[in-house]
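No value in this document is a laboratory result; all are computed from the given coordinates. Everything quoted here is computed from the prediction, not taken from an experiment. Note that we place each Cβ from the backbone using ideal geometry, even for glycine, and neighbour counts take in every protein chain shown.
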Number of protein chains: 2
Amino acid sequence: MGAERTVSKAHQILIRKLKEHSRLTGEDVALINSLVHTIRELNSDEDLVRQGDAPGSSAVVLSGMVARYHLLQNGRRQYFSFHMAGDMPDSQALFIDTMDHAVCAVGPAIVALVPHKELMAAFTRRPTVAFAIWRETLIDAAIFREAITNNSARPVTTRMAHLFCELFYRARASGLTEGDTFAAPITLVQLGETLAMAIATVNRTILELRSSQAVEFHRGVLQVRDWDRMVEIGDFNPSYLHLKRPT
Amino acid sequence: MGAERTVSKAHQILIRKLKEHSRLTGEDVALINSLVHTIRELNSDEDLVRQGDAPGSSAVVLSGMVARYHLLQNGRRQYFSFHMAGDMPDSQALFIDTMDHAVCAVGPAIVALVPHKELMAAFTRRPTVAFAIWRETLIDAAIFREAITNNSARPVTTRMAHLFCELFYRARASGLTEGDTFAAPITLVQLGETLAMAIATVNRTILELRSSQAVEFHRGVLQVRDWDRMVEIGDFNPSYLHLKRPT
DNA sequence: CGGAATGTTGATATGCCTCAACTAAAGTGG
DNA sequence: CCACTTTAGTTGAGGCATATCAACATTCCG
């Protein structure tokens, strides 16, 4: 878990991701490649940061998934986003000292931790790098807005289909799908705590989606049987993700 | 509606707001004071920007309120945030070209429009100004996260109390309250479309909150009768707003 | 002053939650 | 590697919070 300054897989993953929405010059790329970072491996369900923490570095997901969530009085969790390779789930900590939410691993995950000092230094040298990461945080916010609408204004089946659409669409844009399949080791309980549904309802909704021939979700594997159908069921319009290439 | 370059009320309002969460040097303040802008007055319910637009400037609310919302297929709206004097409800448009949501006036409102060019030029001159506005967009995101949790995991009474707490807390931090009162010209329909409740339920919940002696909402005026009680009912913890001074 | 928008209240319907009992899978120690 | 324990997933029955519908009252606004 030593600091690395060689051009690594971590740098490539971050650069690839930023290029999904931002234009980077050769100098930008060189600067990002020079960022020092450490690697951290997380067990399933392990917290990367907790509510109230004031982390000194931000993470880039290298493999697996992580999720962000609020912890309520009654011990209930509310998840609001899932993150996959290339995402920076706590980039906001750069400018907001104390965490108002936690980040945990969903299934085993590996992240690269980049000290805030490093990033801030990079920002002053090349503002475009800052703008790319700013844009990243703005897309995050767009995803949150969509989640508000999803959980507030859509019936359960639509709601779940929409989440599946988003996950698959983002994964595919990042080259993380295998055919019509994406490994998302999310439990039914977690789906319920994401979509504001009881577990029983989660299960029945999964069954309903399966019977509609659109999508299967089984043992943490999302399999898209009919994308167009799923998009229709899920009322999904990817424009809020603000990615360059249309699928 | 001519462009202005004198130190105006608009500049003061923005600076005051940014200082709620960020430290600004004299040079930062001077730079902000030099920003060119135009004034736009909005009628109640008038859109400032629409879904799909690509605005060339961003707004600072000077008076009144504006709200952000999604428009669904069925014509339903989902509001996700309300903004008051000092807020920049579409600062995200700086780095995300096309709007994935709309912004409208809630009651008559006045905004200052600052061209993106102006802002971008300011950012390269003084990164701290960029960081302050970046932080502003990050607090926005925190508010969205809280809205997800609020609408997904809290019962209706708690949910409404929480929204009222947030509005009052933010208004008070910006000096927009008068005693225990804040003018929020939101209709019941809009409350319903914010909190994912039917209008009938909105009305009954308002009555319930009134009878609990915590808060009154009548004809667009929010009156806090018992702040502590409201905080308790609303399960409200202001830390997610990341403002400097505790109330 | 009249019409439209907003707010109010009651009665009924229903989507989803809760509870409960059970099955299957995965992880653990002997 | 198997027995055991724990966690995850499945299914049915019943209840309830909140939606829906409807009819009316009030306020706003041209």
Exercise for the section: Based solely on C-alpha atoms, express the radius of gyration and the Dmax of segment B:155-241 in angstrom. Expected result: 11.8, 33
Problem - 3J(HN,Hα) from dihedral phi, segment B:201-218, Karplus parametrisation 6.51/-1.76/1.60, rounded to Hz, x for glycine, proline - result: 5, 4, 4, 5, 5, 4, 4, 5, 5, 4, 5, 7, 6, 8, 7, 10, 9, 8
Problem - Nonlocal amide H pairs with B:M65, under 5 Å, H built at 1.01 Å - result: B:V106
Exercise for the section: Mind putting a number on the dipole of the protein assembly as shown about its Cα centre? Charges go on the C-beta only, +1 for Lys and Arg and -1 for Asp and Glu, and I need it in Debye to the nearest 20. Expected result: 400
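Let me know the mean shielding of A:206-219 by other chains, meaning the per-residue number of their Cβ atoms within 10 Å of its Cβ. Display every interim value, and only then the final one.
On the way: counts 0, 0, 0, 0, 0, 0, 0, 0, 0, 0, 0, 0, 0, 0.
So the per-residue partner count for this stretch is 0.
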Practice task
Could you work out which residue, out of B:T158, B:T177, B:T124, moves most in a Gaussian network model of chain B, that is, has the largest mean-square fluctuation with Cα springs under 10 Å?
Solution key: B:T124
Exercise for the section: Using the Karplus curve 6.51 cos²θ - 1.76 cosθ + 1.60 with θ = phi - 60°, work out ³J(HN,Hα) for each residue of segment A:47-54 in order, rounded to whole Hz, and write x for Gly and Pro. Expected result: 7, 8, 9, 10, 3, x, 5, 10
Exercise for the section: Just name one of B:A130, B:T149, B:T98: the one whose Cα is farthest towards the positive end of the charge dipole of chain B (beta-carbon charges, Lys/Arg +1, Asp/Glu -1). Expected result: B:A130
Exercise for the section: Starting from the Cα gyration tensor of segment A:144-195, take the square roots of the eigenvalues, sort them a ≥ b ≥ c, and report rounded, prolate or oblate (rounded when a/c is under 1.5, otherwise prolate if a/b is larger than b/c, else oblate). Expected result: prolate
Problem - Choice from B:A85, B:A147, B:A112 with maximal GNM fluctuation in chain B (Cα, 10 Å cutoff) - result: B:A147
Fill in the blank from the handout: Of the listed pairs A:K17/A:K117; A:K244/B:K117; A:K244/B:K244, those with alpha carbons more than 30 Å apart are A:K244/B:K244
Fill in the blank from the handout: When chain B is treated as a Gaussian network with springs between alpha carbons less than 10 Å apart, the largest mean-square fluctuation among B:F123, B:F164, B:F182 is found at B:F123
Exercise for the section: List the distances, in nm to one decimal, from the label point of A:E27 to the label points of the same position in every other copy, shortest first, placing each label point 7 Å from Cα along the Cα-to-Cβ direction. Expected result: 2.0
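Assign one of three labels to segment B:1-100, namely rounded, prolate or oblate, based on the Cα gyration tensor with a ≥ b ≥ c the square roots of its eigenvalues; rounded applies when a/c is under 1.5, prolate when it is not and a/b is larger than b/c, and oblate otherwise.
Details: a/c = 2.02, a/b = 1.87, b/c = 1.08.
Prolate is the answer for segment B:1-100, as a/c is 1.5 or above and a/b outweighs b/c.
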Handout entry: Angstrom value of the Kirkwood radius, inverse mean 1/r, which spans all Cα pairs in chain B
Key = 18.6
Exercise for the section: Using the 7 Å Cα-to-Cβ label point, sort the distances from B:N237 to its equivalents in the other copies shortest first and give them in nm to one decimal. Expected result: 3.7
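For the protein assembly as shown, what class follows from the C-alpha gyration tensor (a ≥ b ≥ c being the square roots of its eigenvalues): rounded when a/c is under 1.5, otherwise prolate if a/b is larger than b/c, else oblate? Display every interim value, and only then the final one.
Working: a/c = 1.59, a/b = 1.11, b/c = 1.43.
Since a/c reaches 1.5 but b/c is at least a/b, the shape of the protein assembly as shown is classed as oblate.
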Practice task
Give the nm distances, rounded to one decimal, from B:A183 to the matching residue in every other copy, measuring between label points 7 Å along Cα toward the beta carbon; shortest first.
Solution key: 5.9
Completion exercise
The Cα radius of gyration of segment B:20-165, divided by 2.2 N^0.38 Å with N its residue count, comes to 1.10
Completion exercise
Given Cβ charges of +1 for Lys and Arg and -1 for Asp and Glu, the option among B:S22, A:V224, A:M65 whose Cα lies farthest towards the positive end of the dipole of the protein assembly as shown is B:S22
Handout entry: the protein assembly as shown: calculated mean residue ellipticity at 222 nm from DSSP helix runs of at least 4, using -39500 (n - 2.57)
Key = -13000 deg cm²/dmol
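Restricting to bridges with both residues inside segment B:44-129, how much of the DSSP beta-bridge set is antiparallel, in percent to the nearest 5?
100
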Completion exercise
Here segment A:23-36 yields Karplus 3J(HN,Hα) values (6.51, -1.76, 1.60; θ = phi - 60°; whole Hz; Gly and Pro given as x) of 8, 10, 7, x, 5, 4, 4, 4, 5, 4, 5, 8, 5, 7
Completion exercise
With +1 on the Cβ of every Lys and Arg and -1 on the Cβ of every Asp and Glu, the dipole magnitude of segment A:1-112 about its Cα centre, in debye rounded to the nearest 20, is 260
